[in-house]
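So the structure is just underneath, and the comments pick up after that.
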Ligand SMILES: O=C(O)CCC(=O)C(=O)O
Ligand SMILES: [Fe+2]
């Protein structure tokens, strides 16, 4: 899709969600970095070390090669391992609810936390977390909560080298820091997909990188 086509996909509801979450995070004193196209919000030491270790264990137990929703089946696009965490596990749910509460988003809008593991040499190429409505996956996603709005990500550890999350279009790069929560809105102020929110998980050069990602929908995902 062209930038013009994305820009036409405005939505008052998604604009409202974007604005409300921003106001709430600012009121909570959450730190942010702004570039012309994108604001990144972050909380250092959001997740206690014991919870980070707990999630790493779950990821080690359940991980499978990562998949893509996209129609382009490029197997070199995302080379990590992933798994869905069990959202009804008491400890996982408590983490989930802490994120929802901070952002003021309903639990039911959130997809299940996804764990990711990158060994040295592994990466996730530049992509958008929002859905492309010209792809074959869209009709199904539209019925299960619609467009993705906010992304919340927690770094569970710091690999020895590499593994930054890079927002190239916005000119922002985030270094993994154990327990840090990172949040951004994938929609712009009009509720249309924000191309400045494109990002990559850069290659890990030494050590293993563990994160969990949570994608929020505009409506109920479950
Ligand atoms: O590994 C990263 O830093 C980025 C992960 C990511 O983009 C995602 O989970 O959607
Ligand atoms: Fe992403």
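When residues in segment 188-215 are screened for being surrounded by 22 or more Cβ atoms within 10 Å (Cβ to Cβ), closer than 23 Å to residue 110 by Cα and away from ligand 2 (no atom under 14 Å from the Cβ), 2 of them pass. For residue 63, the stated conditions do not hold, so it cannot be described as at pLDDT below 95, touching a strand residue (DSSP E or B) at 6+ places or on another chain (Cβ under 7 Å) and closer than 30 Å to residue 119 by Cα. Among the numbered conditions (1) out of contact with any helix residue (DSSP H, G or I) (no Cβ under 8 Å at 6 or more places or on another chain); (2) outside any strand (DSSP E or B); (3) within 16 Å of ligand 2 (Cβ to nearest atom); (4) more than 18 Å from residue 80 (Cα to Cα), the only one that residue 170 does not meet is (1).
Under the condition of being in contact with a helix residue (DSSP H, G or I) (Cβ under 8 Å, 6 or more places away or on another chain) and buried (at least 16 other Cβ atoms within 10 Å of the Cβ), the residues counted in segment 83-103 number 9.
Please find, within segment 146-163, the residue that is nearest to residue 134 (Cα to Cα) out of those that are away from ligand 2 (no atom under 13 Å from the Cβ) and surrounded by fewer than 22 Cβ atoms within 10 Å (Cβ to Cβ). Step by step, filter segment 146-163, then rank; the result is 146.
Quick check on residue 72: is it buried (at least 18 other Cβ atoms within 10 Å of the Cβ) and either closer than 20 Å to residue 127 by Cα or touching a helix residue (DSSP H, G or I) at 6+ places or on another chain (Cβ under 9 Å) (or both)? Considered against the rule, which asks whether it is buried (at least 18 other Cβ atoms within 10 Å of the Cβ) and either closer than 20 Å to residue 127 by Cα or touching a helix residue (DSSP H, G or I) at 6+ places or on another chain (Cβ under 9 Å) (or both), residue 72 comes out as no. Is it true that residue 8 is closer than 21 Å to residue 217 by Cβ and exposed (fewer than 14 other Cβ atoms within 10 Å of the Cβ)? Taking the combined requirement at face value, the residue satisfies it. Looking only at residues of segment 104-141 that are exposed (fewer than 14 other Cβ atoms within 10 Å of the Cβ) and within 17 Å of residue 216 (Cα to Cα), we find that the one that is nearest to ligand 1 (Cβ to nearest atom) is 140.
Of all residues in segment 202-222, those satisfying the criterion of being within 15 Å of the chain's Cα centre (by Cα) and part of a loop (DSSP other than H, G, I, E, B) are 202, 218. Summed over segment 101-120, residues that are in a helix (DSSP H, G or I) and in contact with a strand residue (DSSP E or B) (Cβ under 6 Å, 6 or more places away or on another chain) total 1.
The values are calculated or read from the model by the stated rules, or taken from the named source; none is laboratory data. Predicted model only: the values in this text are computed from it and were never measured. Virtual Cβ from ideal backbone geometry, glycine too; neighbours counted across all protein chains shown.
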